[in-house]
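A short write-up of the structure that comes next.
Computed from the coordinates by the stated procedures, all read-outs in this text should not be read as laboratory data. What you are looking at is a predicted structure, and each value in this text was computed from that prediction instead of being measured. Cβ placement follows ideal geometry from the backbone for every residue including glycine, while neighbour counts extend to all protein chains displayed.
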């Protein structure tokens, strides 16, 4: 055998090992980026869910004027929570969110006559709009 050809097999093996290592590192980096994106999305969801729940609770404690059917909204000045009340005949729906385009929670409530106060209906909490028509789920945003 020629002495020049003895190291070529080892060199090829090292190059293949380096290429496989580079591909593995790239795949691991991509997986870490995907996981970080998922964590960021979950963080945003939890923040919006917390704000929506706070807005819903805040809205239940507010004084609501006697009014006509339709949406009435109140905005908390410091945290910018928004609570909206939808009055439709016998049904009253309270919506809490942290602004247009954010996560919203809903609660079926009843009005205490003459006081402007709201009472939460048992099992009336919803994390989705109960109406099939999407336009009924939004106040005049």
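List of remarks:
- Among 126, 17, the ranking by other beta carbons within 10 Å of each residue's beta carbon, starting with the fewest, stands as 17, 126.
- Mean-square fluctuations from a GNM of the chain, with a 10 angstrom spring cutoff on Cα atoms, peak among 44, 12, 87 at 12.
- A simple spin-label model places pseudo-atoms 7 Å from Cα toward Cβ; at residue 40 and residue 72 they are separated by 4.2 nm.
- Computed [θ] at 222 nm, helices only, for the chain once each DSSP H run of length n ≥ 4 contributes -39500 (n - 2.57): -14000 deg cm²/dmol
- Once the Cα atoms are used to define both axes, helix 8-60 deviates from the longest principal axis of the chain by about 10 degrees.
- Residues 111, 29, 60, ranked from the fewest to the most other C-beta atoms within 10 Å, line up as 29, 111, 60.
- Whole-angstrom Cα spans of the chain along principal axes, big to small: 105, 33, 27
- Normalised contact order of the chain, rounded percent, pairs of Cα under 8 Å and 6 or more residues apart: 18
- As a proxy for reagent exposure, ranking 109, 14 by other Cβ atoms within 10 Å from fewest up yields 14, 109.
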